[in-house]
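Below: one structure, written as structure tokens.
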């Protein structure tokens, strides 16, 4: 039985807390910490049977019974908390991204490398039943040698403009999941990025210096080409599709809905929209990723999403951003070199 | 090159005439006959390049250059015209049903049996791409030993009450295609029928002594059970589905639409309705059946739908009718015996 | 917080125990009882945090802190335990069927009727996302007036012959779920049944006096006709489909799979098989039904599946059995009258 | 009735000849010409009822009864034949592309512009039922303002290396259809192209100076972004999909198969592969495009694919080629300027 502490009990912290209580029999949340702890979050913790609620996360790091922490605080705290937790001897599950600043990610990687502790980044889609089925088909050689990888990722609604301003931009905030998915499905590294970005959803997003619609082409080390299309708003719901095409075939996944009921009437043959957003669509993926993290600790195996898996998509995201700014393809090497990687 | 005469140039006669000109290169329509020949039908014949237009079908039967006739007259004329045409030495393609009266069908069978001429009944669905794919899967052993056969057949709109009155009832008029399909897909004979009929579409159909909705269960000689569901009105269009389930698997077909375009929006994910009705849905099947008939003449092979295939569904239809009237399962033997078959 | 006791901790008892711990926050399992309690079941109970494990269910009934019991014992114990539990003042959730003997079910109904306690029968499919979507569409009037209801229900593999012998026959053991579903989806009562049964899976099932394949036609009080097709073995997995057709449209559900991944290659375009069997397919339905039961207790509302809902499908099942035996349609009234109902 | 002459009776010439005889009632092929006329092509012409067969196309141009010609000769002859035919006063249907050389296309445009004759280019997909359904949905405003357009176009097998060498390269030979489709579906012009090409099918294609796999990103004047993915070989058949995503929804089309039969067995749930290649998939589109051309002549309306529609995709193709060669996005203006357009 692994004792876990959760730092940050906003939306995603609570998702993880509930997932552990329901689906991770070999772990329990012993304590949560949040500087903005209030009646609501204390009541939630109580209802989950969590013993301790702190405003100061250091109490979690100081508890010798706690072996692992989940970092669910705001993005700017991810890297310092990661380092402090590892130095306190805790295994770390850190929400994505580790940071928007590559230098800070490098520091985390260095600290992790020197420790014997597990570090996992919250790229939850790797633990989704559909994406896993694609990965397994590719890994089993069912589609032969990869040629084209396609990912469609469209959110049902844009975040607030306040969030957009601190998000790091669409590529580091939203596409980062798709960059991870390209790496995961292909098992290969991205070498070059060309991105086209536009503002077609809300001019305010453009005024905030970001784009809300993007098509990104990626060259891969294995010779395949990947293409991602994103939009911050899709009126029919969260559109999450992927396809890997190769010399022996093609594997593709489509959207999940609340039910597969289809109504035929004088207007047509109508199925349900895709599930609304990530909390609905990836609920079990959130549970599976934490379970996988706990299993990695128990069995002393590598985590499925390690610290380098946290770094690479950020490099790709920075290349995509530069590509839009400069209207040219940008190599990952160019970005990596600039950080001495 | 086979010279063909068409007797009756109403809707279905013209469908066959056009099919032959477009899709049957080894046949040409030399003459048509219709007692109600008018400017419109003469203009149609001319546009098709048909040489002769008669009001008297006997002129077709008397033409030594014509080897085959298509009987597309009203149902009550099917059996006498069949007999007269065969006796005139013509191969015969006869629209379904041969007759509603088993004794008249017997006469046709007798005449056909004594001749060496080809006789084909217009069960067009046997020549449809989807139903053929089911037949081929079953015949190839892909589903193993048959256990359950299901057919859904729903019309987009009911016929006129005038038509209902002379139609012979839903089982002889509409379900007869499904009875044929059960025989065709299974390659087996029906032994017993239980039918439930109701009036859920239009009370006037009930007043005309018919039902408009039915579920028919059929026991087959090969041990399988078939079930057909019918309705005279389906607001979403012509619903034509089938499924054969067996010890090794299940093969199923769904509806065809004008395009496979799907629109996702805030209301759902909507595909097109099925094609409207039989002329749209089975246009190529009409062409294929006539082509198959001409090929059978040219190659001196058995037709795909012979005279007995015209008889059996009528026996099943009469059993279904009796089953509804008497509220009990009725064997085909009971019906056959009553006609000395 | 409702304290629950579970009587019988075989497969389904444990499913409910785990569901409560994961998904029913307002209930906890305080005790379990099973005459065959062993190390394995005690360890399971401990892992679930269940305080008490008894061999004698009477200890559960005697515990004043326990408000509700789940009866998951063998079928022959369902009715006596139901009566005893109600008489002990407990709300009862009873696995289906209440009994195979209508007289025993009547006794339960009488006892329930005199109490103010909740009684729910384990027809779990009512709580499945797909079947609920059909029910909601029908109830919302989206398909107009019902005309035809179709249910396909095929198991991936037959039970053991030993089980078949005590199962009460396919209609009371397997089809009973489909009878319940017809009543649930239609919101109407069945008036007459005609069933065809055959042995196409395993001759030993026939030798045990049962059939393994069946097609059942049901007349409904609302004028619609329902048809169910069953088989004890489907090589492609658990086939669970339904369709309600009406004057304004048709609503249909298909199978669920572990993922929606589709592989296209030289052999075709292949999707995954349906989920294997009921534990996989209906896991969330089991959770939802217990949650609904607990909510009914807390809010003092009617349960979604009451004692009469437990009785009616048994009457339909007995009618189906008689129909096969006597080769004729059998009314529910005939069965009900024979029991003085 | 329009009299038509066909110049070139190779594969596509015969497709058009047969389409006209079957599906274009208001046209007839009076003559065909082919320098390589042989017994086989003469027999074909005879079977089609075509009066005249020439080796010299000038005889067609000289026939005052022939109002329109279909140019189905080799690509290098498209532009000179177009010019000569127009100058001879004939309406022209020209197979795609008009030429690979922009200057030669310009000459054709000039000659066409000075005439009052109809000119149509053979972009057959505009006349396909699925692509038309997308166009109609977009044009009807059903998806709102366009944001992302996606086209997948993969051939079942690569052409011969000999063909590759004279094909003008993948962008002018294969993608040109997709460039046309982007213009057609969007109703907008392409402004900039970025293309990634690779050799993943056959190294000999690379040695011939071409690529066999490509992902092309296109900026559109209307603010949308389009992305096309191509491969010269898809083991599961001809993959022809498209999708237009906008502010109010998304319309998508998938592949057509010979039948919609689905077989479920222990290996999965398997549908048929897409239709093999363009002759199967677009047979009706070939008929529709010629019918549309004849209708434009008869009704004196603009053709659906005019001479400029023949020019623009060539400019886009040249931009794509340059983009791969120089590893940068290329504007259409850059290409157009270089030709003084």
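The values are calculated or read from the model by the stated rules, or taken from the named source; none is laboratory data. If you're wondering where the values come from, they're calculated on a predicted model, not measured in any experiment. Backbone-built Cβ (ideal geometry, glycine too); neighbour counts: all protein chains shown.
Results, tabulated for the structure shown:
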read-out	value
Residue D:157 being surrounded by fewer than 19 Cβ atoms within 10 Å (Cβ to Cβ) and either assigned to a helix (DSSP H, G or I) or free of Cβ contacts under 8 Å to residues at least 12 places away in the same chain (or both)	no
Some residue of segment A:165-175 being under 30 Å from residue A:144 (Cα atoms), assigned to a loop (DSSP other than H, G, I, E, B) and either more than 14 Å from chain C (Cβ to nearest Cβ) or in contact with a helix residue (DSSP H, G or I) (Cβ under 7 Å, 6 or more places away or on another chain) (or both)	yes
Subset of segment B:315-333 [assigned to a helix (DSSP H, G or I) and under 12 Å from residue B:190 (Cα atoms)]	B:315, B:316, B:317, B:319, B:320, B:332, B:333
Hey, residue C:167 within 18 Å of the chain's Cα centre (by Cα) and crowded, with 23+ Cβ neighbours inside 10 Å or not	no
Residue in segment C:262-285 that is touching a helix residue (DSSP H, G or I) at 6+ places or on another chain (Cβ under 6 Å) and touching a residue at least 60 places away in the same chain (Cβ under 8 Å) present	yes
Filter result (facing chain C (nearest Cβ under 7 Å) and either within 25 Å of the chain's Cα centre (by Cα) or assigned to a strand (DSSP E or B) (or both)) within segment A:243-254	A:249, A:250, A:251, A:252, A:253, A:254
Test: residue in segment D:197-215 that is assigned to a strand (DSSP E or B) and either within 14 Å of chain B (Cβ to nearest Cβ) or within 21 Å of residue D:126 (Cα to Cα) (or both)	no
Close pairs from segment C:317-341: first modelled with pLDDT under 95, partner surrounded by fewer than 21 Cβ atoms within 10 Å (Cβ to Cβ), Cβ under 8 Å, at least 6 apart	C:341/C:102; C:341/C:106
Per-region count, segment D:199-218, residues over 12 Å from residue D:323 (Cβ atoms) and surrounded by 20 or more Cβ atoms within 10 Å (Cβ to Cβ)	6
Residue selected from segment B:255-275 under the condition more than 7 Å from chain D (Cβ to nearest Cβ) and over 35 Å from the mean Cα position of the chain (by Cα), by the criterion surrounded by the fewest Cβ atoms within 10 Å (Cβ to Cβ)	B:266
Among (1) in contact (Cβ under 8 Å) with a residue 40 or more places away in the chain; (2) assigned to a helix (DSSP H, G or I); (3) out of contact with any helix residue (DSSP H, G or I) (no Cβ under 9 Å at 6 or more places or on another chain); (4) surrounded by fewer than 21 Cβ atoms within 10 Å (Cβ to Cβ) - the single one residue B:293 does not satisfy	(4)
Scope segment B:317-334; condition over 19 Å from residue B:212 (Cβ atoms) and either in the same structural domain as residue B:96 (by TED's automatic domain parsing) or in contact with a strand residue (DSSP E or B) (Cβ under 7 Å, 6 or more places away or on another chain) (or both); matching residues	B:319, B:329, B:330, B:331, B:332
Residue within segment B:136-144 that is more than 16 Å from residue B:253 (Cα to Cα), within 14 Å of chain D (Cβ to nearest Cβ) and in contact with a strand residue (DSSP E or B) (Cβ under 8 Å, 6 or more places away or on another chain) present	yes
Check on residue B:145, on the phi < 0 side of the Ramachandran plot, in contact with a helix residue (DSSP H, G or I) (Cβ under 8 Å, 6 or more places away or on another chain) and modelled with pLDDT of 95 or more	no
Test: residue C:100 is crowded, with 21+ Cβ neighbours inside 10 Å, more than 14 Å from chain A (Cβ to nearest Cβ), touching a strand residue (DSSP E or B) at 6+ places or on another chain (Cβ under 7 Å) and touching a residue at least 60 places away in the same chain (Cβ under 8 Å)	no
Selection from segment D:220-242 of residues that are assigned to a strand (DSSP E or B), buried (at least 22 other Cβ atoms within 10 Å of the Cβ) and either more than 14 Å from chain C (Cβ to nearest Cβ) or modelled with pLDDT under 95 (or both)	D:225, D:226, D:227, D:228, D:229, D:230, D:242
Residues that are more than 14 Å from every other protein chain (Cβ to nearest Cβ), out of contact with any helix residue (DSSP H, G or I) (no Cβ under 6 Å at 6 or more places or on another chain) and surrounded by fewer than 19 Cβ atoms within 10 Å (Cβ to Cβ), drawn from segment C:103-131	C:103, C:106, C:107, C:110, C:113, C:114, C:116
Single unsatisfied condition, residue D:279 versus (1) closer than 26 Å to residue D:154 by Cβ; (2) away from chain B (no Cβ under 14 Å); (3) surrounded by fewer than 21 Cβ atoms within 10 Å (Cβ to Cβ); (4) modelled with pLDDT of 95 or more	(4)
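Results for (1) farther than 14 Å from residue C:289 by Cβ; (2) within 22 Å of the chain's Cα centre (by Cα), shown as yes or no for each residue.
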{"site": "C:1", "(1), (2)": "yes, no"}
{"site": "C:4", "(1), (2)": "no, yes"}
{"site": "C:10", "(1), (2)": "yes, yes"}
{"site": "C:14", "(1), (2)": "yes, yes"}
{"site": "C:18", "(1), (2)": "no, yes"}
{"site": "C:23", "(1), (2)": "no, yes"}
{"site": "C:32", "(1), (2)": "yes, yes"}
{"site": "C:38", "(1), (2)": "yes, no"}
{"site": "C:44", "(1), (2)": "yes, no"}
